[in-house]
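Presented below is the structure to which this report refers.
The values are calculated or read from the model by the stated rules, or taken from the named source; none is laboratory data. Not measured: the values here are computed from a predicted model. So basically every Cβ, Gly included, is an ideal-geometry build from the backbone, and we count neighbours across all protein chains shown. In case anyone asks, the SASA skips ligands and DNA or RNA and just uses the protein heavy atoms, side chains included. Shrake-Rupley method; radii C 1.70, N 1.55, O 1.52, S 1.80 Å.
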Amino acid sequence: MEARNGEADDLPPPPLNAGDEPLKVEEIKVPLKPKRSLVPRNGFGKRGQPIKLVTNHFKVSLKNTEEFFYHYYVNLKYEDDTPVDRKEAGRKVIDKLRQTYAAELANKDFAYDGEKSLFTIGALPQRNDEFTVVVEDSSTGKTPANGSPNDSPPGGDRKRVRRPYNTKTYKVGLSYAAKIPMSAIAQALTGQESEHTQEAIRVIDIILRQHSAKQGCLLVRQSFFHNNPANFVALGGGVMGFRGFHSSFRATQSGLSLNIDASTTMIVKPGPVIDFLLDNQNVPNPDRIDWSKAKHALKNLRIKTSPANSEYKIVGLSDRPCFEQMQHRNGDNGDLEEISVYDYFVKNRGIELRYSGGYPCINLCNLVSLQRYTKALSTFQRSSLVEKSRKKPLERMEVLSKVLQRSNYNSEPMLMARGIAISKSFTEVDGRVLQAPKLKAGNGEDIFTRNGRWNFNNKMLIRAGTVEKWAVVNFSACCNIRNLVQDLVKCGDMKGIRVDQPTAVFDENPSMRRAPAVQRVENMLEQVKTKLRDAPKFFLCVLAERKNSDIYGPWKKKCLSDYGIVTQCVAPPTRVTDQYLTNVLLKINAKLGALNSMLQVETALAIPLVPKVPTLILGMDVSHGSPGQSDIPSIAAVVSSQEWPLISKYRTSVRSQSPRMEMIDSLFKPYGTGDDGLIQECLFDFYTSSGRMKPDKIIIFRDGVSESQFNQVLNIELDQIIEACKFLDDDEWNPKFTLIVAQKNHHTKFFMPGKPDNVPPGTVVDNKVCHPRNYDFYMGLPGLRITTFFMMRLASLLMNCWSWYQRSTTAISVVAPIYYAHLAAAQVGQFIKYEEMSETSSSHGGHTSAGSVPVQELPRLHKNVRSSMSSSSSCLCPPSPRRLPAAPHPVPHPRPHPRLQAAAPVPAFGHRLQPSA
């Protein structure tokens, strides 16, 4: 670390001791001198109807920016010099350190992040020092290797000293690391960010975290949760939603602001472990508990045992029940005797156990409160969480106002010492509402959108397909298939889709309904092969359950990977309506390579930025495994537009990569004389579907990256895309790039003051709460944050992006290319979920990059669906050495819409892989 502000006495941080962890950094190295940087804002938009709004940003005043925060590295160890592995112990130890050694530490206030970093206002007397701290704690501390919480001998009835706490001795090392100027925040507000800006903002964020910790809050990154029963909501399965709030400081155009928003996390329902398992597995008594699932559900949870009231972390469950779990103790005559755990508590301790000794020894174990539930939620739990977290705009504003008042940040000594004060008023901003785009249906009819919605009532699809040589498979016991089929045929006729009668309908054998999902799918396909001579072109699959059907994953994999049959899955409908039938037909029509609707500006060749020169639109996203599944490969998906100047048709490429890796590393992958990357398939498909034209402009929508990863997208991913272009044609073809990052998971919300409604769809905000330098803006409902690196006239294009989604009749929350990419990655993730690891990891395993951990290769799509599904992928198909012709492409000219109608059908994007439910 270089000396700061010209002071030679600012020494670098000390080397790490064995066992210590450095501060976390990004996995992928960014070039020391980035070749590209974010372009500054060069103006504000004017198009649209003005609207007055308020937002959940609260202005922060800074009176003293000439002081410094001093950063110290914290090395926390037990008395025997082993590192402390309990994160919750850190704050107690540091609080005790400050109380015990106040004089030696010059009575300084601390801002501690709970792990390795501590900040002070002004320097401590010593640059490096170590302190011994004794903490009174009710927990048992470290657990030795034999699983016993104490170092007592294995024999004998251990004497229990009845005391309210145990004492633990810690060693705390403080080592000077850096000096952080507060002036870096003031510079950032003028658009002049320095290397200290993010660190200075991080320090005051840590002060807020510490302030909330002192109030007894559960801390989850930048979100805080007060332990109040009113904040708990039951989600089922032994899981509760815990409502709290998010807070973080942000540098904006109007100055420093505090962004506060509602937040929800999941916690385990406290109480007896047995009760949790009964709820979690939805069984009536312990005899029905699946103990292998119980081991997974309980791992790493903390419990308190009675009557000792000691706290432990569960690392596993014994395979022996209490009757058979034996221990040694001293008998009445002083000899060692063997006794079961059950007999010990019942006979020797006189404790009545709630359940018999036929279960593992968890009768006297209770789950500790405020433990986060980090495993994947079921579909029912997710929908319940969304429903119970939903609030109307005025209710949300009232909640946020009360949160700010209750938190009382202005009383925090470290903020007061730096002259930092937080306003209690929402920030007023100026918005603009762009005009909703118009759609075109069949026969030239217009579709008008209202509040982000439209319908196909009494309208034909603009390019209808034909459903022929198809079959129905029915896994449901309650669906009237015959009526459903006839209703689909009639509705299809009204929409212009010819739906022939199915060649066969297959009902599941009732004896198979309790069998594993894979067996049910295989049995159904055996029925089909037995009865049908030729394979059908299309399957309509009625799933067994409305939510979270286990059939879905293995059915999709078998059809698309093994047999090459296009399929649409539907949930068993409780009520068949015209809207339900229309929604199903929209998905089927898109999967057959047709189009449901088009933008009016698309048919008139008047789309902003697109029709003048050949333009390729890309959508990129990465899907990761569920929480707790750290070994599941991540799935990278890239979708690309077809048939320029259309912007409504897409195809997709997918690739697996290392788990939890957000940067896509397979955009360009040289392979012998070819390229096995994702982009080359997109480029070649655009070339063949667009009259043999190469794109002069490439617009890239990237989802899922944080602000700290912007430079990686700009200097690593974009580099790969450029290299892929050069590989296909290294002559004079130099397309221009527009890179747009869309962030859905931000915490900025907009409200119409005094009105109960949400802000209108198409609302744009580009002032006061946006970045002081970078060209970004908020758009959509409830508000998609767009960050652009090569900014052009994008507002009108983005407004259309919400409406060209082919799978529904409502505007979606993100632009269509990103939504398609997200769906494609999630769909292929289902393939991996049901693929036997023994088949893929040993014989088909691949590498994401040189030296990286092998990851599971994706199952290959069948050749019959690679084109019809429009989802052929560079990792699903053999690498291609194809190169675009070296000759320059013809001079582009707008082509009339009739040419598009007459063009040979090119399969639409693989959103056909998605379920309708």
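Quick notes on this structure:
- Selection count, the stretch 460-474, where residues are in contact (Cβ under 8 Å) with a residue 60 or more places away in the chain and in a loop (DSSP other than H, G, I, E, B): 6
- The lone exception for GLY19 - which of (1) surrounded by 11 or more Cβ atoms within 10 Å (Cβ to Cβ); (2) at pLDDT 90 or above it fails: (2)
- Residue tally, condition of a type in the set (Lys, Arg) and outside any loop (DSSP other than H, G, I, E, B), over the stretch 445-459: 2
- Within this structure, ALA515 passes the test of being at pLDDT 85 or above and out of contact with any helix residue (DSSP H, G or I) (no Cβ under 6 Å at 6 or more places or on another chain).
- Considering residues of the stretch 819-833 that are in contact with a Gly (Cβ under 6 Å, 6 or more places away or on another chain) and open to solvent by 10 Å² or more (accessible area, probe 1.4 Å) only, the residue modelled with the lowest pLDDT: LYS833
- Among residues of the stretch 98-122, those that are over 40 Å from the mean Cα position of the chain (by Cα) and outside any helix (DSSP H, G or I), counted: 7
- Screening ILE647, ILE635 for residues that are of a type outside the set (Asp, Glu) and under 22 Å from LYS375 (Cα atoms) leaves exactly one candidate, ILE635.
- Residues of the stretch 289-324 satisfying the condition of being open to solvent by 90 Å² or more (accessible area, probe 1.4 Å) and part of a helix (DSSP H, G or I): LYS293, HIS296
- Qualifying residues in the stretch 190-205 (those that are of a type in the set (A, V, I, L, M, F, W, C) and surrounded by 20 or more Cβ atoms within 10 Å (Cβ to Cβ)) - the one nearest to THR82 (Cα to Cα): VAL203
- If you go through the stretch 440-457 and keep only what is touching a residue at least 24 places away in the same chain (Cβ under 8 Å) and either within 25 Å of VAL759 (Cα to Cα) or surrounded by 13 or more Cβ atoms within 10 Å (Cβ to Cβ) (or both), you end up with LYS440, ALA441, GLY442, ILE447, THR449, ASN451, GLY452, ARG453, TRP454, ASN455, PHE456.
- In the stretch 562-586, the residues that are open to solvent by less than 20 Å² (accessible area, probe 1.4 Å) and within 29 Å of the chain's Cα centre (by Cα): VAL566, THR567, GLN568, CYS569, VAL570, ALA571, PRO572, VAL584, LEU586
- Residues that are open to solvent by 20 Å² or more (accessible area, probe 1.4 Å), in a helix (DSSP H, G or I), of a type in the set (A, V, I, L, M, F, W, C) and out of contact with any Pro (no Cβ under 7 Å at 6 or more places or on another chain) within the stretch 389-439 comprise MET397, VAL399, MET416, ALA417, listed in sequence order.
- Test: residue in the stretch 592-609 that is touching a strand residue (DSSP E or B) at 6+ places or on another chain (Cβ under 6 Å), β-branched (Val, Ile, Thr) and either modelled with pLDDT of 85 or more or farther than 19 Å from LYS459 by Cβ (or both): no
- Members of the stretch 515-556 found to be assigned to a loop (DSSP other than H, G, I, E, B) and over 25 Å from ASN483 (Cβ atoms), listed by number: ALA515, PRO516, ARG533, ASP534, ALA535, ASN548, ASP550
- Within the stretch 682-734, the set of residues being open to solvent by 20 Å² or more (accessible area, probe 1.4 Å) and under 21 Å from LYS649 (Cβ atoms) comprises PHE684, ASP685, THR688, GLY691, ARG692, ASP696, LYS697.
- Number of positions in the stretch 214-255 that are touching a residue at least 12 places away in the same chain (Cβ under 8 Å), within 23 Å of LYS402 (Cβ to Cβ), polar (S, T, N, Q) and open to solvent by 10 Å² or more (accessible area, probe 1.4 Å): 6
- Residues (over 20 Å from VAL828 (Cβ atoms) and of a type in the set (A, V, I, L, M, F, W, C)) located in the stretch 545-598: VAL570, ALA571, VAL576, LEU581, VAL584, LEU585, LEU586, ILE588, LEU592, ALA594, LEU595, MET598
- Looking only at residues in the stretch 325-362 that are in a loop (DSSP other than H, G, I, E, B) and among the aliphatic types (A, V, I, L, M), the one that is least open to solvent (accessible area, probe 1.4 Å) is ILE362.
- Flag if ARG482 is open to solvent by 30 Å² or more (accessible area, probe 1.4 Å) and without any contact (Cβ under 8 Å) to a residue 40 or more places away in the chain: yes
- Each residue in the stretch 620-672 was checked for being out of contact with any Lys or Arg (no Cβ under 9 Å at 6 or more places or on another chain), modelled with pLDDT under 80, open to solvent by 10 Å² or more (accessible area, probe 1.4 Å) and not small (Gly, Ala, Ser), and 1 pass.
- For the stretch 102-126, a tally of residues being farther than 29 Å from LYS313 by Cα and surrounded by 15 or more Cβ atoms within 10 Å (Cβ to Cβ) returns 8.
- Checked across the stretch 492-511, the condition of being closer than 30 Å to ALA594 by Cα, under 33 Å from the mean Cα position of the chain (by Cα), without any contact (Cβ under 8 Å) to a residue 40 or more places away in the chain and in a strand (DSSP E or B) holds for no residue.
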